[in-house]
Amino acid sequence: MATGSGNEVMGHPAAAVAWLANALTAYGIGLDPGHVILPGAMTTAPCIGAGQKAEARFGALGSVSVSFI
């Protein structure tokens, strides 16, 4: 359905996290160790419904799938 890479998120996922850290400082908030930060979507969200299966492949990390009933 779609293919994406880290470059799709502000050129590099770390750039998105750096932007977030910088933006939060305006509110006196910082990122703490242990916080989980999701840098953003690398593709558009597919339209999926009952009876369909979706799979995401992450290169050497492997894959994950979900079936909708």
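Computed from the coordinates by the stated procedures, all read-outs in this text should not be read as laboratory data. None of these values were measured; they are calculated from a predicted model.
The table for this structure:
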| read-out | value |
| --- | --- |
| Expected-Rg normalisation [2.2 N^0.38 Å, Cα atoms] applied to the chain | 1.43 |
| Residue with peak Gaussian network fluctuation, the chain [Cα springs, cutoff 10 Å], from 41, 50, 23 | 50 |
| Computed helical MRE - 222 nm, the chain, DSSP H runs ≥ 4 contributing -39500 (n - 2.57), nearest 500 | -6000 deg cm²/dmol |
